[in-house]
Amino acid sequence: MAKKAKKTAVRRPRNAKVPALTAEQIFRERLRFRTVRLIDLHSHLEMRGGKVPSQAKFSFGASVGKSPDNNVNIDTTLILEGRPEGDGEAEDSSIVSIKVHYQCVFEIIEGTFDDVLKFDDEVAKIGMFVAWPYFRELVQSITSRMAIPAFTMPMFTAHGLAEKTINMERIAKPMHHQLAK
């Protein structure tokens, strides 16, 4: 029978720098996903001049906070504004606007909230990765229910988003328009 090797702790000198953690390491080693909550939703469609909104611009952001039960809450927000292509900011233009706020809840499994907060940019990015499919589904669902071409949000990748403008003519024809032919 082979002897088990004795584990010894490796001590790091006091002035040694701790290697930076990646977003993936933070997610795997320090946080456990609990849920995504829809906190707030506002949508509005105004049709003017018979023109349908077909192009949208959007902005998004995330912030990290602590819940009373010591969980990490990542508040993510998406704001989308769509207009007919070529109408710009004209006051007599049709407009669709959607504002969505999701909250991603994570349990701390290692360390404290202050430890997690040291990596707030990485943690906020994790929140966007988690919430983005919810944003995509909600925007597509709401715009299709408005009887306008459904806006399909781009994929969110580790490199961010390639575009912040959605042009429905370039992406795809909506299904209800294809059926009308």
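Details
- In the range 101-121, the residues that are outside any loop (DSSP other than H, G, I, E, B) and either touching a Lys or Arg at 6+ places or on another chain (Cβ under 7 Å) or more than 28 Å from Lys57 (Cα to Cα) (or both): Tyr102, Gln103, Val105, Phe106, Glu107, Ile108, Phe113, Asp114, Asp115, Val116, Leu117
- The residue of the range 66-100 that is nearest to Ala56 (Cα to Cα), among those that are in contact with a helix residue (DSSP H, G or I) (Cβ under 8 Å, 6 or more places away or on another chain) and not in a strand (DSSP E or B), is Glu85.
- Leading residue by the ranking (modelled with the lowest pLDDT) among those in the range 122-161 that are among the basic types (Lys, Arg) and closer than 21 Å to Ser63 by Cα: Lys125
- Each residue in the range 86-129 was checked for being crowded, with 16+ Cβ neighbours inside 10 Å, β-branched (Val, Ile, Thr) and out of contact with any Ser or Thr (no Cβ under 8 Å at 6 or more places or on another chain), and 5 pass.
- Note on the range 52-85: residues that are crowded, with 17+ Cβ neighbours inside 10 Å and not hydrophobic (A, V, I, L, M, F, W, C) amount to 12.
Yes/no per residue for (1) within 14 Å of Gly127 (Cβ to Cβ); (2) charged (D, E, K, R):
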{"position": "Asp40", "(1), (2)": "no, yes"}
{"position": "Ser67", "(1), (2)": "yes, no"}
{"position": "Ile79", "(1), (2)": "no, no"}
{"position": "Arg83", "(1), (2)": "no, yes"}
{"position": "Asp87", "(1), (2)": "no, yes"}
{"position": "Lys99", "(1), (2)": "no, yes"}
{"position": "Gln103", "(1), (2)": "yes, no"}
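- The C-beta contact set for the range 140-153 (first residue in contact (Cβ under 8 Å) with a residue 60 or more places away in the chain, second residue buried (at least 16 other Cβ atoms within 10 Å of the Cβ) and in a loop (DSSP other than H, G, I, E, B), distance under 6 angstrom, 6+ apart or interchain) comprises Thr143/Ala150; Thr143/Phe151; Ile148/Val52; Ile148/Pro53; Pro149/Ser54; Pro149/Pro174.
The values are calculated or read from the model by the stated rules, or taken from the named source; none is laboratory data. The structure displayed is predicted, hence computed values, not measured ones. Methodologically, a virtual Cβ is constructed for each residue, glycine included, from the backbone with ideal geometry; neighbour enumeration extends over all protein chains shown.
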